[in-house]
Structure formats: structure tokens, C-alpha cells
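Asker: Questions regarding the structure given below will be posed in turn.
The values are calculated or read from the model by the stated rules, or taken from the named source; none is laboratory data. Since we're looking at a predicted model, the values are computed, not measured. Virtual Cβ from ideal backbone geometry, glycine too; neighbours counted across all protein chains shown. Heads up: the accessible areas ignore ligands, DNA and RNA and are worked out on the full protein's heavy atoms, side chains in. Shrake-Rupley method; radii C 1.70, N 1.55, O 1.52, S 1.80 Å.
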Amino acid sequence: MGKRHTICYFDTFITVSPDSAAPGAIEPPVAAKPSVAAMTFEMISEAPYAYTSDDVLFTVWADRKEIPEAEREQAREEFFAKPKACFRTSDLGKRYGWGIHSDEKGRVALYAMGSAEYKAFASGTSPFTGGPVNVKAALRATRR
């Protein structure tokens, strides 16, 4: 297999997009067939800091494609053989008001826009350790 691409960030906080219309953090609506944002939100919010960005992105993709567990290891290798978009493109930060923190091991958790933790992370400081955090904004919600 060729080079494996990753979308993981480390010690990084992705803020809500500067042009997001979200009035605050809201859960993505769940429809008969849940959206990528709804599935991503559910996976991360149910287990903060349990999964990396790669884990979440692949699992959501594989679940939507209904790939059997027995085939997932091979599917994951093929999936990450090509570059993928990172969480800066996620609707969680563009439409729904959620910041995404990646810890030192690349594991992710969500923080509601306006919360004390969100504000600390957005200022470049971990609210838990007081250490520095890289800050990146989610990509613009609209094209210019």
C-alpha cells in the first residue's frame, strides 16, 4: 500500500467559522438517514477524547456505506490512501456552532460556542492544563 494520509491535528482547537450563522451550539438534526454532521456529532459527543479525527471520519463514512466490520481494516487502508478533508470543513463548525479540540494524541472532543471551555481554547489556552493550544478556524460557511 502507498502512503497513508491523516487528517489528525494535535493540541489544536478548530473554532466556529467566522461567517457561521449559528446563534450558538445546536445539535445537528437527525433524519431518517442521519447526515454526516449528525453522525459525527453523535460519535464524538458520546465519547469525548476516545477517537481521533481519522477514526471518526472513517467510521462515519464506513457506516454510511454499510461496510461490514470484517472488511473495515482493508477499507480503512484504501480510504486513507488518498488525502481527505479535515474537520475544518465540518458542518459542526460551519453551521452548528461547535468547536473541535484535538488533544496531544489527536483525540477529539466538542465544545459549544460561547462556553467557558470554548473561549479558553479559542484564546489559545487549554482550560484544563493552561498550556498553549494551536487555534484554527473552520473554513468559511459560504464562498466569497
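Asker: Are any residues in the stretch 1-41 more than 24 Å from Ala116 (Cβ to Cβ), at pLDDT 95 or above and open to solvent by 80 Å² or more (accessible area, probe 1.4 Å), and if so, which ones?
Answerer: Within the stretch 1-41, none qualify.
Asker: Please state which of the following conditions Leu139 fails to meet, knowing it meets all the rest: (1) assigned to a loop (DSSP other than H, G, I, E, B); (2) under 20 Å from Ala38 (Cβ atoms); (3) free of Cβ contacts under 8 Å to residues at least 60 places away in the same chain.
Answerer: Among (1) assigned to a loop (DSSP other than H, G, I, E, B); (2) under 20 Å from Ala38 (Cβ atoms); (3) free of Cβ contacts under 8 Å to residues at least 60 places away in the same chain, the lone unmet condition for Leu139 is (3).
Asker: State the number of residues belonging to the stretch 88-129 that are assigned to a loop (DSSP other than H, G, I, E, B) and either open to solvent by less than 50 Å² (accessible area, probe 1.4 Å) or of a type in the set (Ser, Thr, Tyr) (or both).
Answerer: Summing the residues that are assigned to a loop (DSSP other than H, G, I, E, B) and either open to solvent by less than 50 Å² (accessible area, probe 1.4 Å) or of a type in the set (Ser, Thr, Tyr) (or both) in the stretch 88-129 gives 11.
Asker: Among the residues of the stretch 56-72, which ones are within 30 Å of Thr129 (Cα to Cα) and open to solvent by 30 Å² or more (accessible area, probe 1.4 Å)?
Answerer: Hits for the stretch 56-72 are Leu57, Thr59.
Asker: Still on this structure: Tally up the residues in the stretch 30-60 that are in a loop (DSSP other than H, G, I, E, B) and in contact with a Leu (Cβ under 8 Å, 6 or more places away or on another chain), please.
Answerer: 1
Asker: Considering only the stretch 73-86, I want to know if a residue exists there that is open to solvent by 50 Å² or more (accessible area, probe 1.4 Å), of a type in the set (A, V, I, L, M, F, W, C) and part of a loop (DSSP other than H, G, I, E, B).
Answerer: Kept after step one, since they are open to solvent by 50 Å² or more (accessible area, probe 1.4 Å), are these residues of the stretch 73-86: 73-74, 76-78, 82-85.
Filter once more, keeping what is of a type in the set (A, V, I, L, M, F, W, C): 85.
The next check asks that each one be part of a loop (DSSP other than H, G, I, E, B); those that pass are 85.
The answer is yes; a qualifying residue exists.
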